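S.K.: Let me begin by handing over the structure; questions about it come next.
The values are calculated or read from the model by the stated rules, or taken from the named source; none is laboratory data. Worth saying up front: this structure is predicted, and the values here are computed from it rather than measured. Glycine also receives a Cβ, built like all others from the backbone with ideal geometry; neighbour counts cover every protein chain displayed. Surface accessibility is based on the protein's heavy atoms, side chains included, excluding ligands, DNA and RNA. Shrake-Rupley method; radii C 1.70, N 1.55, O 1.52, S 1.80 Å.
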2 protein chains.
Amino acid sequence: MARYSIGLDFGTESVRAVVVDITDGTIAGQAIIAYEHGVIDQALPGLSGAKLPSHYALQDPLDWLNGAADACRAAISASRVSPDDVVGIGVDFTSCTMLPALADGTPLCLLAPHRSKPQAWPKLWKHHGAKLEADLINHVARERREPWLARYGGTISLEWFFPKVLETLNHAPEIYQAAQVWIEAGDWFVWQMTSGPFPRCRPEELVRSTCQAGYKAMWNRQAGYPSREFFAAVHPGFADVVGERMPGRLMAPGQRAGVLTEEAAKLLGLRALIPVSAAIIDAHAGVPGSGVADASTMVLVLGTSACHMINATVERLVPGIAGVVEDGILPGFFGYETGQISVGDAFAWVARTVALSHAELNQRAAQLPPGSGGVMALDWLNGCRTPLMDAGLSGAFVGITLATQPEQLYRAMLEATALGMRWIVDTLIEAGVSVERFVAGGGLPGKSPLLMQIYADVLNAEIRLAASEQSVALGAAILGCIAAGEAATGFRSIVEAIGAMARVREDLIYRPSGAARARYAELYGLYRELAADGGGTVAAVMRRLREAAR
Amino acid sequence: MARYSIGLDFGTESVRAVVVDITDGTIAGQAIIAYEHGVIDQALPGLSGAKLPSHYALQDPLDWLNGAADACRAAISASRVSPDDVVGIGVDFTSCTMLPALADGTPLCLLAPHRSKPQAWPKLWKHHGAKLEADLINHVARERREPWLARYGGTISLEWFFPKVLETLNHAPEIYQAAQVWIEAGDWFVWQMTSGPFPRCRPEELVRSTCQAGYKAMWNRQAGYPSREFFAAVHPGFADVVGERMPGRLMAPGQRAGVLTEEAAKLLGLRALIPVSAAIIDAHAGVPGSGVADASTMVLVLGTSACHMINATVERLVPGIAGVVEDGILPGFFGYETGQISVGDAFAWVARTVALSHAELNQRAAQLPPGSGGVMALDWLNGCRTPLMDAGLSGAFVGITLATQPEQLYRAMLEATALGMRWIVDTLIEAGVSVERFVAGGGLPGKSPLLMQIYADVLNAEIRLAASEQSVALGAAILGCIAAGEAATGFRSIVEAIGAMARVREDLIYRPSGAARARYAELYGLYRELAADGGGTVAAVMRRLREAAR
């Protein structure tokens, strides 16, 4: 009997469902459904039509349920797989996307008294309304020398969980009070599947992912969340947030959060009682989805931005990383997340600015020597995530002459992201985290062989590619398969499941070339000098330019 | 009786002749003739066709004579002025454009034994073959603490006179030996007019301009040229260069070098015995041509590059300036020359790179606030002349975000040249040179009112414009008029002649606006910090990038 696992991959604009053969990871069918309301950043849907401040990015929770239902049914239909043969479901979700709900799972934004209030709606990961709140939380944490701060490289982001909750407490205290459950969207969706859907959910059946909690809500397996005293020091009304408003047990991705309820099964067009894995952040699902089950292999998810993840057997506090979380990516490992904010976005900026296509620029840039004929870029067009964690930085070019061609700017930007990536790797290694192998996934590697060759040369290491074009959704399906357990799948371990269902390509490996490698070693020194660890002249000027431009 | 003066303006690609009414400076007729061989930078003309090394830029001396003859005849014809009414001739020329000749004025490159040797040909100002020679001359001058070095801001350029001569001594000693006269092209042309043409010239009738000698050959009214000992220390064979190979008397522009010979008069289509002024460097002719006859008024000649000149009653040694020369621009003043290498060239680079027209970019950039929305540029796309005197620097942009538009890059580059200009003004003022008024000329002011407004705001001063579009050629004509003397012209002084023949526009004055002025004061601080007086991180990285790219 063939057996299948379903991966539900919730992105920013749409949800994708894949139906995966657990014997070899083949995608038997898939479908993608755009959210009806997409990203809500201008005005609230419905009668109120309330205008939104800039930097707001909200979503409609019904879009997630309806989108998942349509995508799952369409994927099953396309696959011609019998719903009876589905053994598990995994869920990945953008993060930190979060919402306030009642104890029965009902999102506050669906209730008449709150529907016209932006703070009642789910906040999407890229909602940037909580800048002051993030500043305050960082400030208080530093003042109190909170030990958890070091696990996040010394700074937490305005995109994370508690700044977004505090924003609601500051701007709409009545919403904060009405929220019996503050929850990540991925966890909320799993709760709907295994306990609901609302209003039938029960708080005692709520499972939170160690991944989302660890990377976005400062949770730690040993220490738990930050203390009540800490939250009280931030704001007296905030003291109860964890104790009173965040029910739930914590489980690692791949652990079984529960099984599909009758009502949820009807929604998805599946049978009841199928095991559902605890959720995972979308990028992080790319690790198992790239066939990586071990420590010391870094997974690069390269798209408009980049997320670099690696598992290790040790916990090290590394300045500037997004976070280190036990069981954060796979059970049994310390998962490290690092990132670069502008990668594909930065290349697109160059292409748009010089009015040439990526294809044309790639072709011309490939003719240039390493070093782009003397032009160097800094890739911080939307700030620097790892290792500087500084949103006030910006992009730069130096070395421009009257003879500089557009493709030199383009190649310099490709090289800048690679040099920035090497800085991240060095930062991890210097802190004692082993980094030995690289697997690249996401949309960029297939589009730019030149980019991959530059990464291999700059990192002085082979770059392998995830075999699946849907490594994130495949990763979710693998976690669903793991949650189903050995009796249902035959896999005795996570390593075995990942080994069977995902892999890297063997037909295409980018290897460092001697001459380029040596040249990039020099250029890396210059890049670091220019970046000056964020404390130098260039960074100081950048910060003041951005302040002044506001 | 109407009286006219002729200005002959020798540029890089062509020579212009203007016939000017001395009563009010009206241009009665003009003509421009392109040099037959233009800039010789690929191969020598004629049978040899010898290929040239890169960085070579030569010219054919017959192009100057033939071009001047054609231009002068055509201008007279267009003006309908009788040759009998021409009272004087002035000559401006690119510099340091120079050549080796025999004592009878014959250029060595016209002689069969030397014709196939590049070192025998006139070297154009932008010939860059003498880098090692300039380095050596600077090194020896510093070692010996030569007092003249400080008058050139501490560094002499590979484009100047003695590096070019030494290049010939190093590469073709037989040419050096054969050269009885090493001479600036402007002086050579005046010699042809007043003593020749060759082979009839006589060394005792040779007049050299204090302008060219002062700015390009380290000559000084008190100290003369560098000493025989200095030249011997540079190279034993170089000891005789001034004593044996540079005959001639020195005269300031506006002084009478001689009168037109019969043969020269036939060539130009004029009558013999017309007074001819000592030559002047082309940009410097823009000072009288802009109506500036006083101290403390800076004349900005803005084209592909920029030359900023000012007269003063005091001699100050200013770090980084191109030079201070007594009688260098007008008799009776110390003339200061400063410059920016890439101005119009840098704007053209941006326009070409973003594939938009200057008109479109100017229109969009004019809508932006001061500061270009957070983008700042360094305008050193071909190195920095004043005040850093460093060819190893390059252009840069910082402050780029994903939202940065092409017009922000363009405006940032306009602003960078203005901020760099303010740095030059501050450098002069700090050294004790008074700078009180600004007059802009050259091709750019008419093309970009936005640029002029930015200069007014950044300098916090009114910018006036030269009334004549041909301020350089007009300046040459004014000098010809001065050389003619009071009896022929009625002008009792240089001030009177300049006042009658040239002026600034009264209908268009750019005035600083309050808000922009304050904003630019802040930005200037940031620009200086980024430039870090050439010693900071950015400059260090730039230098190494350019070295590595070679």
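S.K.: Do we have B:Thr353 as modelled with pLDDT of 95 or more, within 14 Å of chain A (Cβ to nearest Cβ) and either in contact with a helix residue (DSSP H, G or I) (Cβ under 7 Å, 6 or more places away or on another chain) or open to solvent by 10 Å² or more (accessible area, probe 1.4 Å) (or both) here?
M.R.: yes
S.K.: Residue by residue through the stretch B:136-163, note down the ones that are in contact with a Leu (Cβ under 8 Å, 6 or more places away or on another chain) and farther than 25 Å from B:Val433 by Cβ.
M.R.: Correct list: B:Leu136, B:Ile137.
S.K.: Here's a follow-up. Can you give me the number of residues within the stretch A:135-168 that are open to solvent by 10 Å² or more (accessible area, probe 1.4 Å) and touching an Asp or Glu at 6+ places or on another chain (Cβ under 9 Å)?
M.R.: Counting residues in the stretch A:135-168 that are open to solvent by 10 Å² or more (accessible area, probe 1.4 Å) and touching an Asp or Glu at 6+ places or on another chain (Cβ under 9 Å) gives 5.
S.K.: Which residue pairs have Cβ atoms under 8 Å apart, sit 6 or more places apart or on different chains, and have a first residue in the stretch A:464-489 that is within 21 Å of A:Arg437 (Cβ to Cβ) and a second that is outside any strand (DSSP E or B) and basic (Lys, Arg)?
M.R.: A:Ala467/A:Arg503
S.K.: Looking only at the stretch A:491-550, which residues are within 11 Å of another protein chain (Cβ to nearest Cβ), of a type in the set (Lys, Arg) and in a helix (DSSP H, G or I)?
M.R.: A:Arg519, A:Arg528, A:Arg543, A:Arg544, A:Arg546
S.K.: Follow-up. Which condition breaks for B:Arg228 when tested against (1) out of contact with any Asp or Glu (no Cβ under 9 Å at 6 or more places or on another chain); (2) surrounded by fewer than 19 Cβ atoms within 10 Å (Cβ to Cβ); (3) closer than 15 Å to B:Phe162 by Cα?
M.R.: If we test B:Arg228 against (1) out of contact with any Asp or Glu (no Cβ under 9 Å at 6 or more places or on another chain); (2) surrounded by fewer than 19 Cβ atoms within 10 Å (Cβ to Cβ); (3) closer than 15 Å to B:Phe162 by Cα, just (1) comes out false.
S.K.: Could you check how many residues of the stretch B:385-400 are crowded, with 24+ Cβ neighbours inside 10 Å and within 11 Å of chain A (Cβ to nearest Cβ)?
M.R.: The qualifying residues number 8.
S.K.: Which helices (runs of 4 or more DSSP H) sit wholly inside the stretch A:391-482 and have at least 2 residues that are of a type in the set (A, V, I, L, M, F, W, C)? It would help to see each step written out before you state the result.
M.R.: Values: elements: A:406-430, A:444-447, A:449-459.
Those helices (runs of 4 or more DSSP H) span A:406-430, A:449-459.
S.K.: Failed condition for A:Ser305, given (1) in contact (Cβ under 8 Å) with a residue 24 or more places away in the chain; (2) away from every other protein chain (no Cβ under 14 Å); (3) among the small types (Gly, Ala, Ser); (4) within 27 Å of A:Gly25 (Cα to Cα), with all others met?
M.R.: Going through (1) in contact (Cβ under 8 Å) with a residue 24 or more places away in the chain; (2) away from every other protein chain (no Cβ under 14 Å); (3) among the small types (Gly, Ala, Ser); (4) within 27 Å of A:Gly25 (Cα to Cα) one by one, A:Ser305 breaks only (2).
S.K.: Considering only the stretch A:21-51, state which residues are over 21 Å from A:Cys481 (Cα atoms), in contact with an Asp or Glu (Cβ under 8 Å, 6 or more places away or on another chain) and hydrophobic (A, V, I, L, M, F, W, C).
M.R.: A:Ile33, A:Ala34, A:Val39, A:Ile40
S.K.: With (1) under 30 Å from B:Ala43 (Cα atoms); (2) outside any loop (DSSP other than H, G, I, E, B) as the list, and B:His127 as the residue in question, which single condition is left unmet?
M.R.: All conditions are met except number (2).
S.K.: Just one of B:Ala31, B:Ala101, B:Ala2, B:Ala17 is in contact (Cβ under 8 Å) with a residue 12 or more places away in the chain, in contact with a strand residue (DSSP E or B) (Cβ under 9 Å, 6 or more places away or on another chain) and surrounded by fewer than 16 Cβ atoms within 10 Å (Cβ to Cβ); which is it?
M.R.: B:Ala2
S.K.: Which one of the conditions (1) within 12 Å of another protein chain (Cβ to nearest Cβ); (2) of a type in the set (A, V, I, L, M); (3) open to solvent by 40 Å² or more (accessible area, probe 1.4 Å); (4) within 26 Å of B:Ala548 (Cβ to Cβ) does B:Met376 fail to meet, given that it meets all the rest?
M.R.: That leaves (3) as the condition not met.
S.K.: Of these, A:Glu469, A:Glu436, A:Glu462, A:Glu430, which one is surrounded by fewer than 23 Cβ atoms within 10 Å (Cβ to Cβ) and closer than 30 Å to A:Val259 by Cα? Talk me through it step by step, then tell me what you get.
M.R.: On the way: A:Glu436 fails: closer than 30 Å to A:Val259 by Cα; A:Glu462 fails: closer than 30 Å to A:Val259 by Cα; A:Glu430 fails: closer than 30 Å to A:Val259 by Cα.
Going through A:Glu469, A:Glu436, A:Glu462, A:Glu430 in turn, the sole match is A:Glu469.
S.K.: Pick from the stretch B:76-93 the residues that are among the small types (Gly, Ala, Ser) and in contact with a Leu (Cβ under 9 Å, 6 or more places away or on another chain): which of them is nearest to B:Trp188 (Cα to Cα)?
M.R.: Step one: list which residues in the stretch B:76-93 are among the small types (Gly, Ala, Ser), which gives B:77-79, B:82, B:88, B:90.
With the extra rule that they be in contact with a Leu (Cβ under 9 Å, 6 or more places away or on another chain), the set shrinks to B:88, B:90.
Working: B:Gly88: 18, B:Gly90: 14 Å.
Selected residue: B:Gly90.
S.K.: Go through the stretch B:70-92 and report how many residues are open to solvent by 10 Å² or more (accessible area, probe 1.4 Å) and in contact (Cβ under 8 Å) with a residue 40 or more places away in the chain.
M.R.: Step one: filter the stretch B:70-92 for residues open to solvent by 10 Å² or more (accessible area, probe 1.4 Å), giving B:70, B:73-74, B:76-85, B:87.
Remaining after also requiring in contact (Cβ under 8 Å) with a residue 40 or more places away in the chain: B:73-74, B:76-81, B:83-85, B:87.
Looking only at that region, the number is 12.
S.K.: For A:Gln363, state whether it is more than 9 Å from chain B (Cβ to nearest Cβ), in a helix (DSSP H, G or I), open to solvent by 40 Å² or more (accessible area, probe 1.4 Å) and out of contact with any Phe, Trp or Tyr (no Cβ under 6 Å at 6 or more places or on another chain).
M.R.: yes
S.K.: A:Ala103: closer than 26 Å to A:Leu479 by Cα and at pLDDT 95 or above, yes or no?
M.R.: So A:Ala103 does not fit the description; no.
S.K.: Any idea which residue in the stretch B:534-549 is modelled with the lowest pLDDT, counting only those that are of a type in the set (A, V, I, L, M) and open to solvent by 20 Å² or more (accessible area, probe 1.4 Å)?
M.R.: Taking the candidates together, the pick is B:Ala549.
S.K.: Does B:Leu381 meet the test of being within 14 Å of chain A (Cβ to nearest Cβ), at pLDDT 95 or above and either under 23 Å from A:Met413 (Cβ atoms) or open to solvent by less than 10 Å² (accessible area, probe 1.4 Å) (or both)?
M.R.: For B:Leu381, the condition - within 14 Å of chain A (Cβ to nearest Cβ), at pLDDT 95 or above and either under 23 Å from A:Met413 (Cβ atoms) or open to solvent by less than 10 Å² (accessible area, probe 1.4 Å) (or both) - is not met.
S.K.: Answer yes if at least one residue in the stretch A:337-350 is farther than 30 Å from B:Ala539 by Cβ, open to solvent by less than 10 Å² (accessible area, probe 1.4 Å) and away from chain B (no Cβ under 14 Å), and no otherwise.
M.R.: So far as the stretch A:337-350 goes, yes, one or more of its residues are farther than 30 Å from B:Ala539 by Cβ, open to solvent by less than 10 Å² (accessible area, probe 1.4 Å) and away from chain B (no Cβ under 14 Å).
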